[in-house]
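Read through the structure below, which is laid out as structure tokens, and then see the notes.
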Amino acid sequence: MKEAVSRIRKIPTTITQKVVVASPRIIKPDESGIWRTLLRLSPDGLLVRSAGLLNRMVQLGGEGSTITIDSQQVQIPYLIGDFSLNVANPLNAYEYLQNDLSQATASYDLSSNAIL
């Protein structure tokens, strides 16, 4: 993945492009270090697909915080909530956005009327 991120950043373009990496929807107990791998890629954004990962990012200081992983300084990127967080009502959206998500995606189960 590191090579892919590097190659994307080298593509010449006239528009501002951002690299956003997606986390797995399910992180098993023995895979808890996956967030380290994702942050070491130095993405511009992280698609957060589980409440557990969001909680971990908040514990580490949240979006914009600089942390050290294996002697490498990395910054927690822009955090985007995936539909799998099941943001289904305004109260739920408010809570997620207060917990350091910059953006939240509405639940897949909602109709267009419910979203508007």
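The values are calculated or read from the model by the stated rules, or taken from the named source; none is laboratory data. Since this is a predicted model, take the numbers as computed values, not measurements. For neighbour counting, all protein chains shown are included, and Cβ atoms are generated from backbone atoms with ideal geometry for every residue, glycine included. Side chains are part of the model used for accessible areas, which takes the heavy atoms of the whole protein and leaves out ligands, DNA and RNA. Shrake-Rupley method; radii C 1.70, N 1.55, O 1.52, S 1.80 Å.
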Dipole magnitude of the chain about its Cα centre (Cβ charges: Lys, Arg +1; Asp, Glu -1), debye to nearest 20: 440 debye
Over the Cα atoms of segment 39-116, how large are the radius of gyration and the largest Cα-Cα distance (Dmax), in Å? 13.7, 49
Can you give the log10 of the normalised intensity I(q)/I(0) at q = 0.13, 0.16, 0.27 Å⁻¹, computed with Debye over equal Cα scatterers of segment 1-50? -0.35, -0.51, -1.07
Sorting check: for 97-105, 23-31, 10-18, which peptide has the highest mean count of neighbouring beta carbons within 10 Å, and how do the rest follow? 97-105, 23-31, 10-18
Heavy-atom surface of segment 1-77, accessible at 1.4 Å and reported per residue (Å²): 64 Å²
Each residue of segment 20-33 in turn: what ³J(HN,Hα) in whole Hz from Karplus with 6.51, -1.76, 1.60 and θ = phi - 60°, glycine and Pro shown as x? 10, 9, 9, 7, x, 6, 10, 10, 6, x, 7, 10, 4, x
Which peptide among 71-77, 36-42 comes first, and what is the full order, when sorted by highest mean count of other Cβ atoms within 10 Å? 36-42, 71-77
For the chain, what does -39500 (n - 2.57) per DSSP helix run (n ≥ 4), summed and divided by total residues, give at 222 nm, in deg cm²/dmol to the nearest 500? -8500 deg cm²/dmol
